[in-house]
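> Please find one structure pasted underneath; my questions will follow.
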Amino acid sequence: MMAAVAWRSLLPVIMISIFMVYEDWVSFPSCKLLPSTTYSPDKHVENVDDSLEDLKVMMVANLLLLGSEAGFVNLYFRDYYMSKFFKKSFQSLNPDMLLVLGDVSAKGSELSRTKWLSVLHQFDNMLGPFLDLPLHVILGDRDVGECSGLCANSVTWIARNFPGLDSSGCGAFEISNISFVSLNAVALLCGNNKLRFDVEKVIERESVGLQMEIEGMDETNNGFGMFSEMSNDFRWRVNAMKSGSGPVLLLHFPLYRSGKTHIWEGSTFKSIIDPSGKVPASAQREGFSGTGPYDLSQTVPPNATEYIFHALKPRIIFSAHTQEFSDHTHPDGTREVTIPAMTWKVRDDPGFIVATFQRNKSAVSVTYCSVARESRILIAYTSAVVLFLFFIVVSNTLEPKGLS
């Protein structure tokens, strides 16, 4: 009888210990190095500082934080686990930098500044150890809204709260000899909008700077004043740079697509071709809450996409918005990787990617990482409760009854 009583008293401790071990184990990401989808001979990069190490960058998107409007489930379950996923990812992957490709807020365009501050506070708490690393955040459509309601003052205020963004929501920086340019892709969807013109100025400025750096000041000056008239009011400076010689491009919306796209289906890396230029329908997820101001298939318009390729000649492109992972090859051979959503609010299997920029080669290796499914965590919780109740019932049944 005393043994049964002792066993029953230890049962909660045993169950809690088992679940704590499980919770710690399940919080680590599962990562897989993806095959390159483009032909990229490992050309040696000239004038590289041999003291530099490979740059490992973790990229996430679509956190969809609710701040002060978060309910009990989001605050104490979903966001709690996302914080653990960030912490364990930091410990296991040891990245050098974190990039967030938009939609930090679930409905930032509707929030007052006070409520936005609660989102930013929640964002800082979720990132944890990543706050000690270089951090860059770009703006998504849920953060700033759609063109019809796009306010330059609001965009400027939001951009000021994230490091490295200018008043238009764009940024440019260099780390470990790797150049990055981030664009406010929402503004590129707009017509005669001041923000769109500001983003075009950023693109032109970066293009001129790259040509000065690559071709030399004299050759670039000789090209000044030479423009090509294009459709939709874009006037493009002549650019003799080679494809892939520009910066790493970061933006929230994917660029308009033509060519081959690879998507992740289960454990298979599947190749598809969609001539529409939109995100393939098979890559869109159904059964979750609203998509926000723009449909999940939204891309940067074709003319703006061509303009970006012409001006920046990006080395590789990273985008988001679709909530799904995809690996696309543009007609000129440029690779575009789309980051999946890092939240249970829109998908059962969140994920992120890690891009490794090799210091002495032009290639960029991409690793896809997934975190635990919400459904499996819920099953674990339910199983633990059922087992606990089962052992209580069994121990009560086996306990000998006292003499009357």
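> I'm trying to understand the selection: among the residues of segment 82-107, which are part of a helix (DSSP H, G or I) and buried (at least 20 other Cβ atoms within 10 Å of the Cβ)?
Hits for segment 82-107 are MET82, PHE85, PHE86, SER89.
> Also, quick follow-up: Kindly indicate whether TYR76 is outside any strand (DSSP E or B) and open to solvent by 70 Å² or more (accessible area, probe 1.4 Å). Even if it seems obvious, please write down each step before you answer.
Working: outside any strand (DSSP E or B): yes; open to solvent by 70 Å² or more (accessible area, probe 1.4 Å): yes.
So TYR76 fits the description; yes.
> Of the residues that sit in segment 302-360 and are open to solvent by 10 Å² or more (accessible area, probe 1.4 Å) and acidic (Asp, Glu), which one is farthest from LEU139 (Cα to Cα)?
Filtering segment 302-360 for residues that are open to solvent by 10 Å² or more (accessible area, probe 1.4 Å) and acidic (Asp, Glu), the one farthest from LEU139 (Cα to Cα) comes out as ASP332.
> Looking only at segment 371-382, which residues are open to solvent by 40 Å² or more (accessible area, probe 1.4 Å) and within 14 Å of PRO340 (Cα to Cα)? Before the answer, list the steps.
At the first step, the residues of segment 371-382 found to be open to solvent by 40 Å² or more (accessible area, probe 1.4 Å) are 373, 375-376, 378-379, 381-382.
Passing the criteria: only ARG373.
> Of the conditions (1) under 21 Å from LEU117 (Cα atoms); (2) in contact with a strand residue (DSSP E or B) (Cβ under 9 Å, 6 or more places away or on another chain), LEU150 clears all except one; give me its number.
Among (1) under 21 Å from LEU117 (Cα atoms); (2) in contact with a strand residue (DSSP E or B) (Cβ under 9 Å, 6 or more places away or on another chain), the lone unmet condition for LEU150 is (2).
> Quick check: anything in segment 330-340 touching a helix residue (DSSP H, G or I) at 6+ places or on another chain (Cβ under 8 Å), over 27 Å from TYR76 (Cα atoms) and acidic (Asp, Glu)?
Restricting attention to segment 330-340, the residues satisfying the condition of being touching a helix residue (DSSP H, G or I) at 6+ places or on another chain (Cβ under 8 Å) are 330, 332, 334.
With over 27 Å from TYR76 (Cα atoms) added as a condition, the list becomes 330, 332, 334.
Retained after the next criterion (residues that are acidic (Asp, Glu)): 332.
Yes, there is a match, as at least one residue in segment 330-340 is touching a helix residue (DSSP H, G or I) at 6+ places or on another chain (Cβ under 8 Å), over 27 Å from TYR76 (Cα atoms) and acidic (Asp, Glu).
> Quick check on segment 297-316. Is at least one of its residues modelled with pLDDT of 95 or more, within 24 Å of ARG78 (Cα to Cα) and assigned to a loop (DSSP other than H, G, I, E, B)?
no
> Listed residues VAL137, VAL119; which is open to solvent by less than 20 Å² (accessible area, probe 1.4 Å), touching a residue at least 24 places away in the same chain (Cβ under 8 Å) and not in a helix (DSSP H, G or I)?
From the options VAL137, VAL119, the qualifying one is VAL137.
> Could you identify the single residue in SER179, SER168, SER207 that is outside any helix (DSSP H, G or I), of a type in the set (Gly, Ala, Ser) and either under 16 Å from ASP141 (Cβ atoms) or more than 23 Å from the chain's Cα centre (by Cα) (or both)?
Only one candidate passes the filter, namely SER168.
The values are calculated or read from the model by the stated rules, or taken from the named source; none is laboratory data. Here the structure is a predicted model, which is why all the values come from computation and not from measurement. Here the Cβ is made from the backbone with ideal geometry for all residues, glycine too, and neighbour counts use every protein chain on show. Note: accessible area is taken over every heavy atom of the protein model, side chains too, but ligands, DNA and RNA are not part of it. Shrake-Rupley method; radii C 1.70, N 1.55, O 1.52, S 1.80 Å.
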